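Let me begin by presenting the structure, written as C-alpha cells, before commenting on it.
The values are calculated or read from the model by the stated rules, or taken from the named source; none is laboratory data. Since this is a predicted model, take the numbers as computed values, not measurements. Here the Cβ positions follow ideal geometry from the backbone for every residue, glycine too, while neighbour counts run over all protein chains shown. The accessibility values were calculated without ligands, DNA or RNA, using every heavy atom of the protein model including side chains. Shrake-Rupley method; radii C 1.70, N 1.55, O 1.52, S 1.80 Å.
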Amino acid sequence: MGDYRDMWKNLGMDLEKHDVLCEALPQAFGDIYLSQENRPDAMNYFNYALAEVHGARIQEIQEEKNNGKKVIGTFCVFVPDEVILAAGAVGVGLCSGSQFWIADGEKVLPRNLCPLVKAFVGAKVSRTCPYFQSCDMIVGETTCDGKKKAYEIMEEYVPVHIMELPQMKREKNYEEWQDEIKLFIKKMEELTGNKITVERLRETIDLCNRKRRALKRLYDLRKNIPSPISGLDALLVSQIAFMDDIERFIEKTNELCDELEDRVKTPNANGMKRIMITGTPMAVPNWKLHSIIEGLGAEVVVEETCTGTRYFENEVSSEGDTIDDLVRNLADRYMNINCACFTPNRGRIDDILRYAEEYDVDGVIYYNLSFCHTYAIEYGKVEKALKEKNIPLLNIETDYSEEDAGQIKTRVEAFLEMI
Ligand code: BJ8
C-alpha cells in the first residue's frame, strides 16, 4: 500500500492506532489467502483491492467527494443501493469483521453483544476506519435490537437515517417498506440536492442487477464438481463487493468468471467434501471459518448469508413508468430477503434446502455470531428441516477472536470425518 498518511490525517483518523491495524492485515491475508494453491489469475485484482482497501479505494472516494458527491454508509443488505446511486452518491458497506475494533466497541456497548455491532461501533469511535470517516450520512435499519440501539450511539458521531424494516411479510408490510423507501428517496434528495428521476432510478436498478448477475454467475460456477474457486476466494469477492466501484467490480467479477468457465471445461476430481455455510454475515476481514474448513481439505461451495446469496439473489424489475412503480419493484425484491429478523421466516429454510440440492453439498455448517439471538433461535427449525432430508449439520457459534479457533477446528474435523 502506498503512503496515504496525509489523506488519513485529513479524515481525522487516529494514525497511530490505524498503523497497528494496517500492520496486522497483510500478514493475515498472506497466511490465509496467498498460501492457497492454484488460485485463478483474475483473483489478482481482488488481492489488490484488499491490499488497497484503506488506500487507493479511499482516495477514489475522496476524489468523488471533491467532485461534490456524498458518501453513504450502510450496514444491511435491506438498504437499497439503487436509491443511493440514483441520487448521485457513493454507497459503502460498513459492517466490520475485525477483532481489532472490539475493545473500542466495548467501551461504549455491553460486552455481551454481537461482535459485528461492537466492531462497527468500535471502528467509528476509534477513528480507525477511513470508510466511516468519509461518510456524510449512515443508514441504519430496524433489524436486530443490537444494531437498532447502536445507531443511537452512532448519531453522536455522524448523521444517521434509520429505515424502519417491517419484521413480517404481510401485504401491509410490503406497503410499509415502500413508504420507507420513499422517505429514503426524499432524504437522499435533500442531502445531495439531486432529484431522483424515473430514468435515473431505472438506470441504477439495471446497474445493481448487473452486479447481482455477476455474483450469481460466480456462485453458479461454484456448483461445478469440483468448484473452480475456493470458498475463501469467493468470500473475498463478496466482501469487496460492498466497497468497490460498482462498474469496475462487475467487470472484474465477470473476468474472473470467464477464467473459471475455462477451468470447468477440464474438471479435475478432487474428492473434497462440499460444504454450505448458513447464518450470519462475514464482513471483511472475517475469514475464520472458511480458512478452518478449507485448511482441513474440504471446500465451501455456497454461503447462505448476507455476504453470500442473500446479497444478490433476485433482481429488481425495471418495469413501470413512475417512481411509485419502481419503488414497488424495489420493495418486492428487498422484502424477499430471508433474514432471521423476520417472523415467520420459512423462506430461509426453503432457500437452504434448495441450495443443498443445487450445490450438491455433503454437509451444512450453521455459522452464528455470538449473541445473535435471531439466528441462534432459528437454528432449531433449520436443524429439523435438514434432518428430514438427511443432510448433516454442525452448529458453530463464535466471535471474531482466534481463541476458539483450535476448538472449532477439532469440531469441523470430526464433522468432515463423519459425513
Ligand atoms: S439482512 S443478517 S445484514 S440484519 S448485527 S442480525 S449478526 S446480532 S447482520 Fe444482518 Fe441485515 Fe439480517 Fe443480513 Fe445478528 Fe449481529 Fe444483529 Fe446481524
- [ ] From Arg170, Arg111, grab the single residue that is within 18 Å of Cys372 (Cβ to Cβ), away from the ligand (no atom under 13 Å from the Cβ) and open to solvent by 20 Å² or more (accessible area, probe 1.4 Å).
- [x] Arg111
Open item on the list: Need the failing condition index for Met243 against (1) open to solvent by 10 Å² or more (accessible area, probe 1.4 Å); (2) in a helix (DSSP H, G or I); (3) not polar (S, T, N, Q), just the number.
Closed with: (2)
Open item on the list: Restricting to region 47-101, count the residues that are open to solvent by less than 20 Å² (accessible area, probe 1.4 Å), of a type in the set (Gly, Ala, Ser) and not in a helix (DSSP H, G or I).
Closed with: 8
TODO: Just give me the residues in region 114-125 being closer than 30 Å to Asn67 by Cβ and open to solvent by 10 Å² or more (accessible area, probe 1.4 Å), in sequence order.
DONE: Lys124, Val125
Task: Close pairs from region 107-127: first under 13 Å from Ser96 (Cα atoms) and assigned to a helix (DSSP H, G or I), partner among the polar types (S, T, N, Q) and away from the ligand (no atom under 14 Å from the Cβ), Cβ under 7 Å, at least 6 apart - done: Ala119/Ser98
- [ ] Go through region 350-394 residue by residue and tally those that are open to solvent by less than 70 Å² (accessible area, probe 1.4 Å), outside any loop (DSSP other than H, G, I, E, B) and within 12 Å of the ligand (Cβ to nearest atom).
- [x] 7
Task: The listed residue being open to solvent by 10 Å² or more (accessible area, probe 1.4 Å), within 30 Å of Asp104 (Cα to Cα), in contact with a Lys or Arg (Cβ under 6 Å, 6 or more places away or on another chain) and of a type in the set (Val, Ile, Thr), out of Thr142, Thr128 - done: Thr142
TODO: Might you let me know whether region 325-340 holds any residue that is at positive phi and not in a helix (DSSP H, G or I)?
DONE: no
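Name the single residue that is farthest from Ile275 (Cα to Cα) among those in region 396-418 being part of a helix (DSSP H, G or I) and either in contact with a Lys or Arg (Cβ under 8 Å, 6 or more places away or on another chain) or aliphatic (A, V, I, L, M) (or both).
The residue in question is Ala405.
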Open item on the list: Exactly one of these conditions fails for Arg310: (1) of a type in the set (D, E, K, R); (2) within 13 Å of the ligand (Cβ to nearest atom); (3) closer than 22 Å to Glu413 by Cα. Give me its number.
Closed with: (3)
Task: Hits in region 2-35 - residues which are surrounded by 14 or more Cβ atoms within 10 Å (Cβ to Cβ) and over 25 Å from Phe132 (Cα atoms) - done: Ile32, Tyr33
TODO: Collect the residues in region 302-323 that are of a type in the set (Ser, Thr, Tyr) and in a helix (DSSP H, G or I), keeping them in residue-number order.
DONE: Thr309, Tyr311
- [ ] Please enumerate the residues belonging to region 261-283 that are outside any loop (DSSP other than H, G, I, E, B) and surrounded by fewer than 24 Cβ atoms within 10 Å (Cβ to Cβ).
- [x] Glu261, Asp262, Arg263, Arg274
